[in-house]
1. Mind giving me the nanometre distance, one decimal, between the label points for Q137 and A261, set 7 Å out from Cα along Cα→Cβ?
2. Which of the cysteines in the chain are isolated, no other cysteine C-beta under 4.7 Å?
3. Restricting to Cα pairs below 8 Å that are 6+ residues apart, what does the relative contact order work out to for the range 138-262? Please round to a whole percent.
4. Note the direction-averaged projected area, equal to a quarter of the hull surface, for the Cα convex hull of the range 38-194, in nm².
5. Under the √(5λ) rule applied to the eigenvalues of the Cα gyration tensor, what semi-axes describe the equivalent ellipsoid of the chain? Give them in Å, descending.
6. What is the spread of the Cα atoms of the range 52-98 along each of their three principal axes, largest first, in whole Å?
7. Under a 10 Å cutoff between Cα atoms, tell me which one of E122, E136, E76 has the largest fluctuation in the Gaussian network model of the chain.
8. About its Cα centre, how strong a charge dipole does the chain have in debye, to the nearest 20, once Lys and Arg get +1 and Asp and Glu get -1 at the Cβ?
Amino acid sequence: MNDPAASAIAVRRAIRERRHTGHTAGLARGYVQGNLCILPREYADEFRAFCERNPKPCPLLAESEPGNPGLPALGEDLDIRTDVPRYRVFRNGVLEDEVTALHNLWRDDLVSFVLGCSFSFEQALLDAGLPLRYVEQGRNVSMYRTSIDTVPAGRFRGKLVVSMRPFKPADAIRAIEITSRYPRSHGAPVHIGRPELIGIADLRQPWAGDPTEVLEDELPLYWACGITPQSVVLDARPSLCITHAPGHMLVTDLENASLAAR
């Protein structure tokens, strides 16, 4: 699917029917995309608390009832088992597999959490005339595991993951101003400039996504990233955790404008 003007429901149906299997950046413009974390019920209270204590990387948009694959708050025609292009399956903190549907893995005790995504504020950046190099190149955003600790909640603790986008200094100021209006989509950057200060050794080797070139006249800006739960899973080691694959998001019926601070 290459139509950025397609509706959210049309994108979900294309994903469900395997007519779209790639990244979702730029699709269903104007609609909120979400990060996904699915856990057994026994971990749900602790993970909810983790989100509450770490709202920058984990702004919680919706939580399902145990065993229910629907999330009516995010879309009536939505099935969490099929409507993400690619899922990651972790067992005891180890990435075991990547799959395109969850029917064979679904259980009555699974709880789905959907977190806000930077793709929402990216539309506001594009509307303001701020270019995003990775989008122009048809690639995935660069993501890095940092040395910054998240605030623990029970078994959930670990390092913050950030996404990086480079801008010229004047555009960087505008990007900060714009994204600060979207706290439920990670808000303003958590770091600007030197990557080594937050434990990133080499921008050419992201933890997830594709490398993005930073030109001599640009500053790298780092936003808290919704794949932070995948970093935390490495340390918490829940018996089962299912997430989206980086860049392969859940497209919802919420409008980006609904997440903007008034």
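Computed from the coordinates by the stated procedures, all read-outs in this text should not be read as laboratory data. Note that the structure is a prediction, hence the values are computed from the model and not measured. Glycine gets a Cβ as well: all are built from the backbone with ideal geometry, and neighbour counts include every protein chain shown.
1. Result: 3.1 nm between the two label points.
2. Among the cysteines of the chain, those whose Cβ sits 4.7 Å or more from every other are C37, C117, C225, C241.
3. Result for the range 138-262 is 35 percent.
4. The orientation-averaged projected area of the Cα hull of the range 38-194 comes to 10.5 nm².
5. Value: 27, 22, 16 Å, ordered largest first.
6. 32, 29, 20
7. Highest fluctuation among the options: E136.
8. Approximately 200 debye in magnitude.
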